[in-house]
1. Could you list all residues from segment 74-118 that are of a type in the set (K, R) and either over 16 Å from L41 (Cα atoms) or assigned to a helix (DSSP H, G or I) (or both)?
2. Among the residues of segment 30-41, is there at least one that is at pLDDT below 95, surrounded by 15 or more Cβ atoms within 10 Å (Cβ to Cβ) and not hydrophobic (A, V, I, L, M, F, W, C)?
3. Any idea which of I77, I54 is surrounded by 16 or more Cβ atoms within 10 Å (Cβ to Cβ), of a type in the set (V, I, T) and within 15 Å of L13 (Cβ to Cβ)?
4. Yes or no: A65 touching a helix residue (DSSP H, G or I) at 6+ places or on another chain (Cβ under 9 Å), crowded, with 21+ Cβ neighbours inside 10 Å and within 15 Å of I4 (Cα to Cα)?
5. Say whether the condition of being surrounded by 18 or more Cβ atoms within 10 Å (Cβ to Cβ), more than 17 Å from I3 (Cβ to Cβ) and either within 14 Å of the chain's Cα centre (by Cα) or of a type in the set (D, E) (or both) is met by at least one residue in segment 81-88.
6. Restricting attention to segment 51-66, which residues are closer than 25 Å to G113 by Cβ and modelled with pLDDT of 95 or more?
7. Residue by residue through segment 33-46, note down the ones that are over 12 Å from the mean Cα position of the chain (by Cα) and farther than 17 Å from A102 by Cβ.
8. What are the residues in segment 9-29 that are farther than 15 Å from Y96 by Cβ and either among the basic types (K, R) or surrounded by 14 or more Cβ atoms within 10 Å (Cβ to Cβ) (or both), if any?
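The values are calculated or read from the model by the stated rules, or taken from the named source; none is laboratory data. Computed from a predicted structure; not experimentally measured. Here the Cβ positions follow ideal geometry from the backbone for every residue, glycine too, while neighbour counts run over all protein chains shown.
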Amino acid sequence: MGIIKNITKKRILFEDFELAATPWQKTKGIMLRKNLLKPVLFILKKASRSRAAIHSFFCYFEFDAVFLDEKKRIVDIRTDIPPFQPFIRPKKAAKYIIEAPAGSAKKLDLKIGDKLLF
């Protein structure tokens, strides 16, 4: 679909990503997949803590979740989310969510406040 860059640190994070654009894609997310080969970007209608809540029911692998505000700044990072976890809300309102392979946030040195471009 395109690249995701960390413009704060001037580096490319992901060379490709999947967009969860339709209501069905947003609902299904990464559930029932065998693995997560590339990150999935969710775009919400408006920034919110409750609408940005995620879970890992029916996910069979760990993953990282990066929550961004309307300015595409990271407001929360959750790493190594295990399968079948109940709802996880970001610490602050988020408009974008990136679900990425486990360990991505640490490997890419993502920090609260980093600004991304996609």
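1. Start the filter on segment 74-118 by keeping residues that are of a type in the set (K, R), which leaves 78, 89, 91-92, 95, 106-107, 111, 115.
Matches in segment 74-118: R89, K91, K92, K106, K107, K111.
2. yes
3. Numbers: I54 fails: within 15 Å of L13 (Cβ to Cβ).
Being surrounded by 16 or more Cβ atoms within 10 Å (Cβ to Cβ), of a type in the set (V, I, T) and within 15 Å of L13 (Cβ to Cβ) holds for just one of I77, I54, which is I77.
4. Working: touching a helix residue (DSSP H, G or I) at 6+ places or on another chain (Cβ under 9 Å): yes; crowded, with 21+ Cβ neighbours inside 10 Å: yes; within 15 Å of I4 (Cα to Cα): yes.
Considered against the rule, which asks whether it is touching a helix residue (DSSP H, G or I) at 6+ places or on another chain (Cβ under 9 Å), crowded, with 21+ Cβ neighbours inside 10 Å and within 15 Å of I4 (Cα to Cα), A65 comes out as yes.
5. Applying the first criterion (surrounded by 18 or more Cβ atoms within 10 Å (Cβ to Cβ)) to segment 81-88 yields 81.
Pick out the ones that are also more than 17 Å from I3 (Cβ to Cβ) and you get 81.
Adding the requirement that they be either within 14 Å of the chain's Cα centre (by Cα) or of a type in the set (D, E) (or both) leaves 81.
Checking segment 81-88: at least one residue is surrounded by 18 or more Cβ atoms within 10 Å (Cβ to Cβ), more than 17 Å from I3 (Cβ to Cβ) and either within 14 Å of the chain's Cα centre (by Cα) or of a type in the set (D, E) (or both).
6. Answer for segment 51-66, where residues must be closer than 25 Å to G113 by Cβ and modelled with pLDDT of 95 or more: A52, A53, I54, E62, F63, D64, A65, V66.
7. K45, K46, listed by residue number.
8. First, pick out the residues of segment 9-29 that are farther than 15 Å from Y96 by Cβ: 9-12, 15-16, 22-24, 27-28.
Those that are farther than 15 Å from Y96 by Cβ and either among the basic types (K, R) or surrounded by 14 or more Cβ atoms within 10 Å (Cβ to Cβ) (or both): K9, K10, R11, K28.
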